[in-house]
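Scroll down for the structure; my scribbles are underneath it.
The values are calculated or read from the model by the stated rules, or taken from the named source; none is laboratory data. All values reported here derive from a predicted model rather than from experimental measurement. Here Cβ is always computed from backbone atoms with ideal geometry, including for glycine, and neighbour counts include all displayed protein chains.
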Amino acid sequence: MTPRELRTLCLSLNAAVEDFPFTPQTSVFKVLGKMFALSALDARPLTVNLKCDPEDAVRLRAEYEGLIAPGYHMNKRHWNTVTVDGGLPDRVVRELVEDSYDLVVAGLPRAERLRLDRP
C-alpha cells in the first residue's frame with residue numbers, strides 16, 4: 001500500500017478528516033474529533049498507528065511479527081504500529097484501519113454515532 005492509498009483509505013471512512021496537530025509531517029486521521037490513525041506518510045518504511053482491541057492486538061503482533069508491533073508513542077495495550085510497505089496484504093491493512101475506525105466510533109456518545117448512521 002502506498003502513502004496515497006493509505007491516506008485515501010482513511011479519508012474514505014464516514015466523517016473522517018485529516019489533521020496535523022503534532023507536526024506538519026504527521027497525518028492524524030480523526031472521526032468527530034477522535035483519532036483512529038496516525039502516520040508520517042513520507043516515512044520509510046511506511047507505518048501507521050491504529051487502535052486495536054487489546055486481545056486482538058496481542059494476537060496480531062504474534063501472527064505478523066516484525067510487521068505489527070506495540071504502538072509507538074501510544075498506549076501499547078490499545079494501539080499497534082503497522083508497517084504497510086508491502087509485507088502485509090492490502091486487504092489486512094484495510095481491515096485493520098476499518099477496525100480502528102469502528103472501535104473509535106463505538107466509543108462515541110450515542111447521539112454522535114447516530115449522526116454517522118452507526119447505532
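Things to note:
- Residue in the stretch 87-104 that is modelled with pLDDT of 95 or more, aromatic (Phe, Trp, Tyr), surrounded by 13 or more Cβ atoms within 10 Å (Cβ to Cβ) and in a strand (DSSP E or B) present: no
- Being in contact (Cβ under 8 Å) with a residue 40 or more places away in the chain, assigned to a loop (DSSP other than H, G, I, E, B) and surrounded by 13 or more Cβ atoms within 10 Å (Cβ to Cβ) is a property that LEU9 lacks.
- Selection of the stretch 94-104 for residues being under 9 Å from the mean Cα position of the chain (by Cα) and of a type in the set (A, V, I, L, M) yields LEU96, VAL97.
- Selection status of ASN80, among the polar types (S, T, N, Q) and surrounded by fewer than 21 Cβ atoms within 10 Å (Cβ to Cβ): no
- Qualifying residue in the stretch 43-66 (condition: surrounded by fewer than 21 Cβ atoms within 10 Å (Cβ to Cβ) and touching a residue at least 60 places away in the same chain (Cβ under 8 Å)): no
- Scanning the stretch 43-57 for residues that are part of a strand (DSSP E or B) and either charged (D, E, K, R) or over 15 Å from ASP99 (Cβ atoms) (or both) yields a total of 2.
- Counting the residues of the stretch 27-42 that are without any contact (Cβ under 8 Å) to a residue 24 or more places away in the chain, in a loop (DSSP other than H, G, I, E, B) and within 13 Å of the chain's Cα centre (by Cα) gives 1.
- The requirement of being surrounded by fewer than 20 Cβ atoms within 10 Å (Cβ to Cβ), outside any strand (DSSP E or B) and either among the basic types (Lys, Arg) or free of Cβ contacts under 8 Å to residues at least 24 places away in the same chain (or both) is not satisfied by GLU18.
- Extreme residue, surrounded by the fewest Cβ atoms within 10 Å (Cβ to Cβ), among residues of the stretch 105-119 that are touching a residue at least 60 places away in the same chain (Cβ under 8 Å) and in a loop (DSSP other than H, G, I, E, B): ASP117
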